Amino acid sequence: MKVSVVGLGKAGLPLAAVIADSGLDVIGLDVDKNKLELLKRKENPIPEEKGLKEIIVKRINKNWSVTNSYEKAISEADAHIVIVPLFIGDDKQPDFAILKNAFINIGKFLKKRDLVVLETTVPVGTTEGLIKNTLEKESGLKCGEDFYLAYSPERIMTGYSISRYKEFPKIVGGFNKESTEKAFELYSKFCNKVEKVTDCKTAELIKIAEGIYRDVNIAIANELLKVCEHYNVNFWELREKANHQFCDIHEPGNVGGHCIPVYPWFLINEINVPLIKTARDLNDKMIEFYLQKVKKISNKGKVGIIGLSYREGVKEKAYSRAIPFIKLLKKEGFEVLGKDPLFSAEEIKKEFDIEEIKDFDDLDVIVIFNKITQYNHLLERFKDKIVDVKNCLK
């Protein structure tokens with residue numbers, strides 16, 4: 001069996017690596033020619049991903065090749081796993097353009113008895129609707145008879161993706177029973193545990209539910225943080241002592257990234273889910289809560305933000321809450337600077353439109369936005385002017 005992985009981003013690249021490291025032949029497909037050149041030179045485009053570099057060095061140009069040609073990738077492989085981005089716009093509606101384009105191109109070269117698996121998180125019904133219809137139209141083949149189609153949600157976390165394939169069960173749900181069995185057979189070759197579910201829709205909703213669970217529980221933590229401040233109680237002490245096998249209070253803070261702030265909208269847009277909608281709104285509004293904390297320290301001057309990516313350890317600005325927080329601070333008249341160990345001064349200026357922090361003494365307020373502790377030794381003496389979102393200074 002030869003597997004094509006369509007999309008070599010922060011999820012697709014570790015997936016291709018794990019498949020290749022299992023001994024299967026893999027052809028990775030991506031439209032980013034610079035990334036492909038890096039891979040051909042056995043260089044790692046995602047340095048923060050533990051274990052990825054070693055697999056690239058061991059497998060690239062052996063049983064793992066890369067290309068930007070759909071014809072080559074789909075024609076040479078028997079199974080095709082698709083993990084390309086699905087973004088939401090300012091109107092919170094999903095933009096299917098990238099996803100649909102990928103499946104149009106896959107359909108053009110799809111062969112009889114091929115297996116297609118989608119891993120991108122999508123609204124419920126997308127696999128059996130848009131994806132199936134696009135593949136059938138472009139290929140002239142019949143889903144469930146001429147080719148097999150399934151959905152298997154990615155369950156990784158950037159920085160720990162390689163290990164997640166050994167630690168977490170892999171869910172597979174097919175268009176029909178034969179599709180589920182084919183997907184189960186494929187994933188069993190490189191995952192420790194694979195679990196079948198009834199159909200594609202069940203598998204799609206499982207992934208959405210996981211993200212919503214996190215979002216709602218972070219919202220509860222954010223509310224409890226405000227309650228603790230009202231009663232002058234230390235939230236972090238409360239959390240530590242309250243948590244046990246029947247209670248799991250999450251960490252409060254800002255919710256960013258491709259996943260948790262996006263998935264709830266797939267349901268909010270379709271049905272009445274007031275708890276989910278309230279949690280989503282509450283988490284988005286936490287930047288206003290932290291603005292008020294800034295203003296209690298100073299109503300003017302320079303504010304330095306430590307941590308600009310959506311999460312510590314991941315070099316990614318997509319859906320980072322630092323971006324609207326910066327805009328909010330600027331609107332209030334503050335001069336904003338930033339620092340993040342993942343971004344150079346030039347990148348901070350280009351991606352976030354602020355200057356890099358050079359000297360903490362020059363700042364009127366410091367906001368530790370992500371769980372970044374490497375500057376703690378420099379920040380200890382500034383405690384009176386720090387907003388410590390993730391309790392980095394304890």
- [ ] May I ask you to say which residue of 255, 262, 273 is closer than 14 Å to residue 209 by Cα and under 19 Å from the mean Cα position of the chain (by Cα)?
- [x] 262
Open item on the list: Restricting to the stretch 19-38, give me the number of residues that are surrounded by fewer than 24 Cβ atoms within 10 Å (Cβ to Cβ), touching a residue at least 24 places away in the same chain (Cβ under 8 Å), of a type in the set (A, V, I, L, M) and in a helix (DSSP H, G or I).
Closed with: 1
TODO: May I ask you to verify whether residue 217 is among the polar types (S, T, N, Q), in contact (Cβ under 8 Å) with a residue 24 or more places away in the chain and touching a His at 6+ places or on another chain (Cβ under 8 Å)?
DONE: yes
- [ ] Identify all residues within the stretch 186-216 that are in contact with a strand residue (DSSP E or B) (Cβ under 9 Å, 6 or more places away or on another chain), β-branched (Val, Ile, Thr) and more than 19 Å from residue 166 (Cβ to Cβ); write none if there are none.
- [x] 197, 198, 202, 206
Open item on the list: I'd like to verify a number: residues in the stretch 100-128 that are out of contact with any Phe, Trp or Tyr (no Cβ under 8 Å at 6 or more places or on another chain), crowded, with 19+ Cβ neighbours inside 10 Å and farther than 18 Å from residue 175 by Cα, how many?
Closed with: 1
- [ ] Have a look at 280, 311, 239 and point out the one that is more than 30 Å from residue 360 (Cα to Cα), of a type in the set (Lys, Arg) and in contact (Cβ under 8 Å) with a residue 24 or more places away in the chain.
- [x] 280
Open item on the list: I'd like to check which strands (runs of 3 or more DSSP E) are fully inside the stretch 79-152 and have at least 1 residues that are without any contact (Cβ under 8 Å) to a residue 60 or more places away in the chain.
Closed with: 115-118, 148-151
Task: In the stretch 129-149, residue nearest to residue 312 (Cα to Cα) [restricted to those that are touching an Asp or Glu at 6+ places or on another chain (Cβ under 9 Å) and surrounded by 23 or more Cβ atoms within 10 Å (Cβ to Cβ)] - done: 149
Task: Any chance residue 4 is touching a residue at least 60 places away in the same chain (Cβ under 8 Å), part of a strand (DSSP E or B) and closer than 25 Å to residue 107 by Cα - done: yes
Open item on the list: Being in a helix (DSSP H, G or I), surrounded by fewer than 16 Cβ atoms within 10 Å (Cβ to Cβ) and among the basic types (Lys, Arg) is the requirement here; does residue 207 meet it?
Closed with: no
Open item on the list: Suppose we filter the stretch 153-184 for residues that are β-branched (Val, Ile, Thr) and assigned to a helix (DSSP H, G or I); how many remain?
Closed with: 2
Open item on the list: Just to check your reading of the model, which residue among 79, 73 is within 22 Å of residue 155 (Cβ to Cβ) and modelled with pLDDT of 95 or more?
Closed with: 79
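The values are calculated or read from the model by the stated rules, or taken from the named source; none is laboratory data. Source: prediction; values computed, not measured. Glycine gets a Cβ as well: all are built from the backbone with ideal geometry, and neighbour counts include every protein chain shown.
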